[in-house]
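Asker: Encoded as structure tokens, here's the structure I'll be asking about.
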Amino acid sequence: MAKSTLQNWSRPDKEMMSEGFHIFNTMHFHPKHDPKYISTLLQNALSKVTPIDGRQALDLQWVKFVDVDEFGLKFAVAFDCTKRLLKSSQQNLVLTEIHQALSHAGISMSVGRLTSHLDQDVGLNALSDVFRQPTDFDPDIKDKLNPYNETVRNKALLRKVPIFTSLDEKELLSLAKDCSRKSIKASSMVCEEGSEGGSLFILVDGVVSVDKVGANSEGIHIAKLGVGDVFGEMSLMTGEPRSASVKALTNTVVLEIDKEIIRTLFGNNKDFYDNIAHVFAKRKLAMEDIEKSGVNPNEQMADMVTKFKKAMINFLGLK
């Protein structure tokens, strides 16, 4: 369960209270969880938020373990909002990121007193692919950061990657065994714009920032990515230079897959490359908004699929 309070600073001091409004939320978790790691999950969720007012980050990112009561472990989370009219939208962004981070880790917020019984909604069966299953975790693979995220098996992470959705269980398992995990310290670069590609990354733990250099050499912030997010697919499959730089905002763990793994595992599997080419083509069309240009989108799609497929085959050295 979660509870929210708005602290209204009607005349904020620009030096001491530049954030304007502080929004406080309380939430509860099962008492057997480790408060230290729950705090990290909540803190990373706040770090990933891009505020509704256009700032790159929240000025206030506050998490505290404050109590244990009949609902379980009680945490307080606070963040800022610059305008009162944006309060609901800002809170929606923050709570959505928190829910995503917790769902990835297989954690639910308490929905009632621990002594009460809650029947599961039958509609939750429609989300079976969203929630974590016990088999998704392996306690032996955890690193030094957050075990809730790091014990998620490679196969469970790969299953959510769009270019791998067509793989069967055997292919997913083979790919999961061959890819590698890397730890990256906060403020370190994961990859740099313009550098040679050839690998894909899945965020196992942490938060990263994606940025690029604009036409006038100014820095352009693209996005923040968190657990389960993917970047580098185009470089993995076509060898294109990195289109943006990715920097770790927190201590981070990534799962890396390079082109040799793909080439060895899939060889000349036409179905696999057809699926990836369609994924890339749809993404390219969406980015360029080709439908508004007066060009037939079906013709553009077919042309892009062919080009991407040729690029992948040439880059991977296949026939």
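Nothing in this text is a laboratory measurement; each read-out follows from the coordinates by a stated rule. Every value quoted in this text rests on a predicted model; they were computed, and no experiment measured them. Heads up, the Cβs are rebuilt from the backbone with ideal geometry, glycines too, and the neighbour counts pull from every protein chain shown.
Asker: From the cross-link list Lys36/Lys212; Lys182/Lys247; Lys48/Lys212; Lys224/Lys310; Lys48/Lys307; Lys48/Lys177, which pairs have alpha carbons spaced over 23 Å apart?
Answerer: From the list (Lys36/Lys212; Lys182/Lys247; Lys48/Lys212; Lys224/Lys310; Lys48/Lys307; Lys48/Lys177), the Cα-Cα distance tops 23 Å for Lys36/Lys212; Lys224/Lys310; Lys48/Lys307; Lys48/Lys177.
Asker: Now, a different point. Once the Cβ-Cβ distance between Lys310 and Arg153 is put in as r, and R0 is 30 Å, what FRET efficiency do you end up with, to the nearest 0.05?
Answerer: Taking R0 as 30 Å, the efficiency between Lys310 and Arg153 is 0.30.
Asker: Just the number, please: Stokes-Einstein D of segment 211-257 in µm²/s, Kirkwood Rh from C-alpha pairs, 37 °C, 0.692 mPa s.
Answerer: Estimated diffusion coefficient is 265 µm²/s.
Asker: Need one number: nm distance between label points at Ser108 and Leu85, each 7 Å from Cα along Cα→Cβ, rounded to one decimal.
Answerer: Calculated label separation equals 3.9 nm.
Asker: Given contacts defined as C-alpha pairs under 8 Å and at least six residues apart, what's the relative contact order of segment 152-227, whole-number percent?
Answerer: 22
Asker: Less than 11 Å from a label point 7 Å out along the Cα-to-Cβ axis of Glu260: which backbone N atoms in segment 188-210 qualify, by residue?
Answerer: The answer is none, because no backbone nitrogen lies closer than 11 Å to the label point.
Asker: Moving on. Quick one: what do you get for segment 176-218 if you divide its Cα Rg by 2.2 N^0.38 Å?
Answerer: 1.43
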